[in-house]
Structure formats: structure tokens, C-alpha cells
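Below is one structure, written out as C-alpha cells; comments come after it.
The values are calculated or read from the model by the stated rules, or taken from the named source; none is laboratory data. Remember, predicted model here, so these are calculated numbers, not experimental data. Neighbour counts are summed over all protein chains in view; Cβ atoms, including those assigned to glycine, are modelled from backbone coordinates with ideal geometry. Remember, those area values only see protein heavy atoms, side chains included, never the ligands or the DNA or RNA. Shrake-Rupley method; radii C 1.70, N 1.55, O 1.52, S 1.80 Å.
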Amino acid sequence: MARRRHLSPEEADLWRSVARTARPLHNQPLHLPDPPPAPALPPLAHAKPRLSPFTLGEKHRAPEKRDLAPTLPDLLGQAPLRMDANTHAKMTRGKLQPEARIDLHGMTLAEAHPELIRFILNAQSQGLRLVLVITGKGKRREDTGPIPQRMGALRHQVPHWLHLPPLGPAVLQVSEAHLKHGGGGAYYVYLRRR
């Protein structure tokens, strides 16, 4: 004869919750295992307040310093210089004329990425050195609540694409364009020689 199986503590808890909702036919006591004791939880520590405490009428305090991620122009400016310093200075002052340009304005990320790859690799194969990639600055979105947000997915994604394969080996330097060539909405891309 098979041995009788005993209920696990979880099954016994489930049975007790079901048995409470039903009316018994016979008044016989059920022999179920006692529920396990609840594990003791450590006391909760108080969270650090996000704002420092203040009293009414006190003078304004200097705001706390926050470590924010650097902006895109700052990141491009901090990148090591891999080209001739005089040529770079002329380029950033808008004195060099781009030999070709591509306008990615209004394209989605999925449309713009293959176009950028094709353009950069073709420009390098033609022997061009300085090209202009126009991304646009992004449009303001007022419908996102009290704080307006700037949308510029291409503007933020293009520098990353230019440093990743297959474009990374072809690109020598990327910097923000001069105002006469589009300013914050365009990038100078200085290409390596083949």
C-alpha cells in the first residue's frame, strides 16, 4: 500500500483559505500542520531626504552640486585631437569648406543609419577629407508636461555611429559645425585617407 502524502505548509495555507469560505458537512476537526512562523525582518532604515531640511524665513542656501553627464558639445570638445591642429582650428572656425554634405533631417534612426554609412564610405572612397553631416537640432515638444523637452535623436546618435564600425576606421575627427554650416544641428566629419 502506498504511503500517505502529507500537505506542505504552502498547501495547508491554501487549504485553510479555501476551507474558511465553505460550510462544513460534519463537525470533525481537521489535522493540518501549523503554519510556519513568519521570518523576522530587519528594521527598515530611514531614507536620506532628497532636500536638506530648512526652516521658514531662513536665507537662501547655495544649491548642492550635482554630477550631470556632460553635454554632447562638451564630449566632442574633450575628445583627443587626431588631426593636424591648424587644420582643426580652421575647420572649427568655419574657414574650411566641406567637400560634400548629407542632410538627415526628418529621417528616422532606421532610415538615417544606412544613409550615413553609405555617404561616409563613398566620400572616403572618392578621396574627400571634410564632409558635413546635417542632423538638425531637434524640435521642441510642448505636449510633454510643464517642462518642455528637446527631441533630437539623430543629433545624439550620429556621433556614436561615427565611432562604431564600419564608420569608425574611416573617421579621423568629429566636431560640431560652425554656425555658418549649421552650428549645433550639424557635424564636421574629417575622414582618413584611404
Carbon + sulfur, % of accessible area of the chain - ligands and nucleic acids excluded, 1.4 Å: 58 percent
Rounded to whole Hz and in sequence order, give me ³J(HN,Hα) for region 169-180 from the Karplus expression 6.51 cos²θ - 1.76 cosθ + 1.60, θ = phi - 60°, writing x for Gly and Pro. x, 8, 9, 9, 8, 10, 8, 5, 6, 5, 4, 6
What is the ratio of the Cα radius of gyration of region 56-100 to 2.2 N^0.38 Å, with N the residue count, to two decimals? 2.12
Please work out, to two decimal places, the log10 of the ratio I(q)/I(0) at q = 0.19, 0.20, 0.24 Å⁻¹ from a Debye calculation in which every Cα of region 1-111 carries one identical scatterer. -1.23, -1.28, -1.38
First measure r as the distance between the Cβ atoms of residue 84 and residue 192, then evaluate 1/(1 + (r/R0)^6) with R0 = 22 Å and state the FRET efficiency to the nearest 0.05. 0.95
Sequence-distant or interchain residues sharing an amide H contact under 5 Å with residue 172, placed H: which? 190, 191, 192
Overall Cα dimensions of the chain - principal axes, largest extent first, Å: 98, 67, 34
Report, in degrees rounded to the nearest 10, the 0 to 90 angle that the Cα long axis of helix 9-19 makes with the longest principal axis of the chain. 70 degrees
For region 153-194, the Kirkwood Rh over every pair of distinct alpha carbons, in Å, works out to 10.7 Å
All other residues with a Cβ under 13 Å from the Cβ of residue 94 taken together, and with Lys, Arg as +1 and Asp, Glu as -1, what is their net charge? +3
